[in-house]
Amino acid sequence: MTAKQVIESGKAILGIEFGSTRIKAVLIDENNKPIAQGSHEWENQLVDGLWTYSTEAIWYGLQDCYADLRKDVRKQYDCEIESLAAIGFSAMMHGYMAFNEKEEILVPFRTWRNTNTGKAAAELSKLFNYNIPLRWSISHLYEAILNNEEHVPSIKYLTTLAGYVHWQVTGQFVLGVGDASGMIPVDPKTKTYDATMVQKFDAILASKGLSFKLLDILPKSLNAGENAGFLTPEGAQKLDVSGHLKAGIPLCPPEGDAGTGMVATNAVKQRTGNVSAGTSSFSMIVLEKELSKPYEMIDMVTTPDGSLVAMVHCNNCTSDINAWVNLFKEYQQLLGVPVDMNEIYGKLFNKALEADTDCGGLIAYNYVSGEPVTGLSDGRPLFVRSANNKFNLANFMRAHLYGAIGVLKLGNDILLKEENVKVDRITGHGGYFKTKGVGQRMLAAALNSPISVMETAGEGGAWGIALLANYTVNNPNKLSLADYLETVVFAGNTGISIAPTADDVEGFNRYIENYKCGLAIEQAAVDNKK
């Protein structure tokens, strides 16, 4: 069928993802090919010292994004979306959305960006013998309990952003297992919340005189492929204010952005991984077994089908590179030379390939904001050199490209060297890899592993959740998610791979030793700020 026939026959699949700066909708056909899209730009707000998005902004953003998708469909195909084969919602993970029995939000949505949960996260990590990050929902809940916040006794429901939207349009209080694993740890054997940890937290609730238990307020955890309800008439109106969209459409379990990133890069099988490198960066490695002990640098989550994943999350990546490139742009404008930003990035990134593999001793710290992995509470971007270092443009650019993934390397060295985790394929996606071959080569050197990049990875998380929605309704052979992605969606395409060279690996290792020694300089810059 043509794309228009797919849409008119109600066989298209919709994926919508709430990112931190953009809500994106992708419409795909039965063969998982994108055929239309829409988007809505939004920004979080700092309210009473906490980062949030209002519920009004959530629903307006969703409706505007869907309206933009309808506009694209009318423009391309001159038709209207009346029905769909399936829908999926995804959003940034973690955070805190607490509701009372009337389904009224009790305090403004506290997003993953908030770091006010230090005491709670530390106590829970010790109690569970498991690394509990600041941004996880259980940290936010326990911090609210420790602070005796008056809303806590009224909590009837606690969920994530994706879970909230899904609940309101289906009536089903559920969550995909990957997103659930960012609320409280999930047991990969049962694919639901870890029973021992739940029991320990229930003891805390009882000691504080609270009447509810943890499982009373958490969404039910669902595996990829399970039906997660149907669009209600009220839900259809919440999504499409024009009234064209009909109720009764099946939905897949709502998932987090980490899970949809794994799906979009075909990295849900054990011994595969992906690296997302843009404004921030994170790596996800799907494990064959649990790590020997908890590490503060490493968060444990799951794939959308419940396999254990080791995640290294870094707050900073390309922002400092962008700042330096803008400086070169200003210089070009000063000379009266026409500016093409793609050309500037391309030439500067490729110049880095001519550098010494250890950057001639130059070091760059890309800390626009604090970096928990290296223990920095605040950020100070720094470029560091000594008088006898080889200071030239190639080394300068390579130092910044290395610096952008330096923290990522530190976290992954624990996995690959100390824990001896085996990885067959790592796929990169994000702006760091936009200049062909350069970011790939740098990351291959950092991780001492081949790095693949696929064209489809650019489709992002909205495409990933659309794939999960299609998997729910169009999987007649009952394939596992990993096999479905491998054989149906990607059909064996693993992208273009670049393997590390011995010289590059040795050079990056020398760079990272200098980098670790220089962290004291970064710390001093933070300590002595005004």
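Here the stretch 216-250 is the region considered, the condition is being touching a residue at least 60 places away in the same chain (Cβ under 8 Å) and basic (K, R), and the residue that is most open to solvent (accessible area, probe 1.4 Å) is K246.
Would the stretch 174-197 turn up any residue that is of a type in the set (D, E, K, R), crowded, with 21+ Cβ neighbours inside 10 Å and outside any loop (DSSP other than H, G, I, E, B)? For the stretch 174-197, residues of a type in the set (D, E, K, R), crowded, with 21+ Cβ neighbours inside 10 Å and outside any loop (DSSP other than H, G, I, E, B): present.
Only one of the numbered conditions (1) on the phi > 0 side of the Ramachandran plot; (2) surrounded by fewer than 19 Cβ atoms within 10 Å (Cβ to Cβ) is not met by F383, and that is (1). With respect to the conditions (1) assigned to a helix (DSSP H, G or I); (2) surrounded by fewer than 17 Cβ atoms within 10 Å (Cβ to Cβ); (3) in contact with a Lys or Arg (Cβ under 9 Å, 6 or more places away or on another chain), D503 lacks only one, and its number is (3).
As a summary of the residue check, P253 satisfies the conditions (1) open to solvent by 40 Å² or more (accessible area, probe 1.4 Å); (2) under 25 Å from N100 (Cβ atoms) except for the one numbered (1).
When the residues of the stretch 431-476 are filtered to those that are of a type in the set (G, A, S) and open to solvent by 40 Å² or more (accessible area, probe 1.4 Å), which remaining residue is nearest to L222 (Cα to Cα)? Only one residue fits best here, namely G458. Of the conditions (1) open to solvent by 40 Å² or more (accessible area, probe 1.4 Å); (2) under 17 Å from L218 (Cβ atoms); (3) without any contact (Cβ under 8 Å) to a residue 40 or more places away in the chain, Y157 clears all except one; give me its number. All conditions pass for Y157, except number (3).
Every residue, every condition in (1) within 18 Å of the chain's Cα centre (by Cα); (2) of a type in the set (F, W, Y), yes or no:
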site	(1), (2)
V268	yes, no
Y331	no, yes
L334	no, no
D340	no, no
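Selection of the stretch 319-340 for residues being part of a helix (DSSP H, G or I), open to solvent by 60 Å² or more (accessible area, probe 1.4 Å), of a type outside the set (F, W, Y) and closer than 23 Å to G430 by Cα yields N326, L327.
For the stretch 498-527, give me the residue count where each residue is polar (S, T, N, Q) and closer than 14 Å to N448 by Cβ. Result for the stretch 498-527: 2.
Do we find that M262 is part of a helix (DSSP H, G or I), open to solvent by less than 60 Å² (accessible area, probe 1.4 Å), within 27 Å of I87 (Cα to Cα) and hydrophobic (A, V, I, L, M, F, W, C) in this structure? Answer is yes for this residue. Checking the condition in contact (Cβ under 8 Å) with a residue 24 or more places away in the chain and either buried (at least 17 other Cβ atoms within 10 Å of the Cβ) or β-branched (V, I, T) (or both), which residue from N388, N412 passes? Among N388, N412, only N412 is in contact (Cβ under 8 Å) with a residue 24 or more places away in the chain and either buried (at least 17 other Cβ atoms within 10 Å of the Cβ) or β-branched (V, I, T) (or both). Considering only residues in the stretch 132-167 that are polar (S, T, N, Q) and within 19 Å of the chain's Cα centre (by Cα), the one that is farthest from C65 (Cα to Cα) turns out to be S139. Going residue by residue through the stretch 517-529, is there one that turns out to be within 26 Å of the chain's Cα centre (by Cα) and either within 30 Å of F383 (Cβ to Cβ) or of a type in the set (F, W, Y) (or both)? Checking the stretch 517-529: not a single residue is within 26 Å of the chain's Cα centre (by Cα) and either within 30 Å of F383 (Cβ to Cβ) or of a type in the set (F, W, Y) (or both).
Scanning the stretch 125-150 for residues that are surrounded by 19 or more Cβ atoms within 10 Å (Cβ to Cβ), outside any loop (DSSP other than H, G, I, E, B) and without any contact (Cβ under 8 Å) to a residue 60 or more places away in the chain turns up S137, S139, H140, L141, E143, A144.
Residues checked against (1) within 30 Å of L251 (Cα to Cα); (2) over 19 Å from the mean Cα position of the chain (by Cα):
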site	(1), (2)
I405	no, no
N412	no, no
G428	yes, no
G437	no, yes
L468	yes, no
T487	yes, yes
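The values are calculated or read from the model by the stated rules, or taken from the named source; none is laboratory data. Please read these numbers as outputs of a predicted model, since none were measured by experiment. With ideal geometry, Cβ positions are generated from the backbone for all residues, glycine too; neighbour counts draw on all protein chains shown. Side chains included, ligands, DNA and RNA excluded: accessible areas come from the protein's heavy atoms. Shrake-Rupley method; radii C 1.70, N 1.55, O 1.52, S 1.80 Å.
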